[in-house]
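Read through the structure below, which is laid out as structure tokens, and then see the notes.
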Amino acid sequence: MTRRISIRCFTLRFQFPIFKPKFNTGIGIWKTPFDRFNLISSSISSHMEIDKAIRDCDDPRLKTRYKNAIYVIQRALALYSIEEVAFSFNGGKDSTVLLHLLRAGYYLHQVEHGRSNEGLRDGEFTFPIRTIYFETPSVFPEINSFTYETAASYGVQLDIIREDFKSGLEALLKAKSTKAIFLGVRIGDPTAVGQEQFSPSSPGWPPFMRVNPILDWSYRDVWAFLLTCTVQYCGLYDQGYTSIGSINDTVPNALLRTNDSSVGKQKFRPAYMLSDGRLERAGRARKLSPVAASNGVKCVEPHQGSIRTASIVAVGDAILFGIIEDQLGPSLCRKLHSIGWVISRIATVRSEVDSVAEEVERLKSISDLVFTYGGVGPLHSDVTVGGVAKAFGVRLAPDEEYEEYLSHLFGDKGTGDRNEMAQLPEGITELLEHEKLRVPLIKCHNVIALSATNVDELDRQWDALIDLRSTNLLASSGPFVSKHLTTSLSDLEVAQPLSKISIEFPDIYTGCYRKSRAGPLVITLEGKDQETVEAAMEALSKKLSSGVKQILV
């Protein structure tokens, strides 16, 4: 097997400047991060300044959003002890909103249970919910400074994690018992798809309950809250940033650029001036990190965890137009599932380089492996390899070894300048050779481009990949254990018991389907631990109590 990989790794170090935040009230500006804190900590009632500001405002929509968020917080605090919950804070506007909602929600929860003075004496209040902060080399210095200043101002004890999100959570949950984590996820976020206010963590992730108090909030709601409550937020938002990621993919939103030609450099209006909140992510630019810029490639290594995750990208207009039926996707899902992998997403995209690049770029950072199929060949519609190259920010370049394979397969018809198939992503391509394969499979970091056009070819390529397990490519993460039952109960009768099972057993997948609208409901419980699955099935059977017939699997 030939490897053609050139990667250099660097450690980025920043000198963090002193942050000088502003408090935008619409009337005046707080000069230092402690002015506001000194004011609101002057009495016990200061812990209610958020609640009072919302009650006194004349924005009915904001009042409704606030009421619903506080209900979700209080519900979570009723379900879990304070030692079992955590808060993921990243210094952005959404998590800043959630921080202050949690402050108000916790205080109201204490008042409701007759403990309003417990730990709330003047000047001694500390934020009681364990707060985790994922600090990365690519974070904005202003975000870092704001986070630490805010923690000092409000008595927040930070657990600082310097690992990727998934690995950090695994270590955190192993070290400390945590059953629920408050997240500042909103419905417009890419990660919000399929989530509710209480959502168990996704398959392949450490088991915990995701609590999303502001899931239904809009961009407008976030800024209405921050400005109404006159709380501190990161100063980058006053410089035109509307959605802040890393220093490698975030720029000021061009929609906020001013037209003042007398100013020597570009200026931007504050983020709260953006008129259309649907465009808040317009400032997320596709640009390479300093590491990537040095060699043309951004290194993406597979996550290390007990459960492996995979995503699948099918490329082809014929599938989208309904001309052919996709058989490879379901077959690949079954194969991955059989070795204990979790399929987090399967997507079908147009035969366009940009469409392939966008999907691969999104999935390669959240999956251990990304499989593509379709769009590999000499036709104008065969754009997959080009899309993968663009997703990693590298160019296509001739690969002599791969061209030799193609020459043996196609003869002189596929050689020379006409052989577009021999153009591979430069510097990141690894050819996966196997005796069962006439041509090696193309692997670019954690993306594998399958060339199968039918199920038989897919079977051969899969067998070859399984034989290459010595490379830890498709290592089994242990089989799934499944239990099924059928019931004649209606969906409404089953909904509440299933929701309770999801909360009680967050590491168990719960699925339902009917073969026909009038037929029985089939419920599937699936997980990695036999005893846990059986316990969940027993608990569900008791909750349903009637109309149940268990199917042994």
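Between the listed residues ALA452, SER502, SER476, the Cα displaced farthest toward the positive end of the dipole of segment 450-547, a dipole computed from Cβ unit charges relative to the Cα centre, is found at SER502. Working note: Karplus 6.51/-1.76/1.60 with θ = phi - 60° gives segment 533-544 the couplings 4, 5, 5, 5, 5, 5, 5, 5, 4, 5, 5, 6 Hz, where Gly and Pro are set to x. By a 1.4 Å probe calculation restricted to protein chains, ILE466 has an accessible surface near 40 Å², given to the nearest 10. Annotation: amide H-H contacts under 5 Å for ILE312 (H modelled 1.01 Å from N, sequence separation of 5 or more, or interchain): ARG345, ILE346, ALA347, PHE371.
Taking amide H positions as placed in the peptide plane 1.01 Å from N, state which residues far from CYS57 in sequence (5 or more) or on other chains have amide H under 5 Å from it. Sorted by chain and number, the residues that satisfy this come to none at all. Which FRET efficiency, nearest 0.05, do LYS52 and GLN496 yield, Cβ-Cβ r, R0 35 Å? E between LYS52 and GLN496, to the nearest 0.05, is 0.45.
Between the C-alpha center of segment 212-255 and that of segment 482-544 there is a gap of 40 Å.
Couplings 3J(HN,Hα) for segment 57-74, derived from phi with the Karplus relation 6.51 cos²θ - 1.76 cosθ + 1.60 (θ = phi - 60°), are 7, 10, 10, x, 5, 5, 4, 5, 4, 5, 4, 5, 5, 4, 4, 4, 5, 5 Hz, where x marks Gly and Pro.
Computed extension gain for ARG162 through ASP467, at 0.36 nm per residue and net of the alpha carbon distance, reaches 106.3 nm.
Length available on full extension from SER331 to GLU112: 0.36 nm per residue minus the Cα-Cα distance, which gives 73.5 nm.
Listed values for segment 77-82 are Karplus-derived 3J(HN,Hα) couplings in whole Hz (6.51 cos²θ - 1.76 cosθ + 1.60, θ = phi - 60°), namely 5, 7, 7, 10, 6, 5, and x replaces Gly and Pro. Projection of the Cα convex hull of segment 153-214, averaged over all directions and equal to a quarter of that hull's surface, yields 5.3 nm². All C-alpha pair distances within segment 332-463, sorted into 10 Å bins from zero, spread as 12, 44, 36, 8, 0 percent across the bins. Within the shell defined by Cβ-Cβ distances under 10 Å, the residues around LEU274 carry a net charge of +1, with Lys and Arg each +1 and Asp and Glu each -1.
Per-residue surface analysis assigns CYS512 an accessible area of about 70 Å², computed on protein heavy atoms at 1.4 Å probe radius. Summarising the label geometry, the points placed 7 Å from Cα in the beta-carbon direction at GLN239 and GLU352 lie 3.4 nm from one another. For THR250, the amide hydrogen comes within under 5 Å of the amide hydrogens of ALA285, counting only partners 5 or more places away or on other chains and with H modelled in the peptide plane. Were the residues from LYS436 through THR532 laid out at 0.36 nm apart, the gain over their Cα-Cα distance would be 30.6 nm.
Split the accessible area of segment 164-261 by element, probe 1.4 Å, and carbon with sulfur accounts for 55%. Computed over all pairs of different Cα atoms, the Kirkwood value for the hydrodynamic radius of segment 429-492 is 14.5 Å.
The values are calculated or read from the model by the stated rules, or taken from the named source; none is laboratory data. Computed from a prediction, not measured in an experiment: that's the story for all the values here. Here the Cβ is made from the backbone with ideal geometry for all residues, glycine too, and neighbour counts use every protein chain on show. For the accessible areas, the whole protein counts, side chains as well, though only heavy atoms, and no ligand, DNA or RNA atoms are used. Shrake-Rupley method; radii C 1.70, N 1.55, O 1.52, S 1.80 Å.
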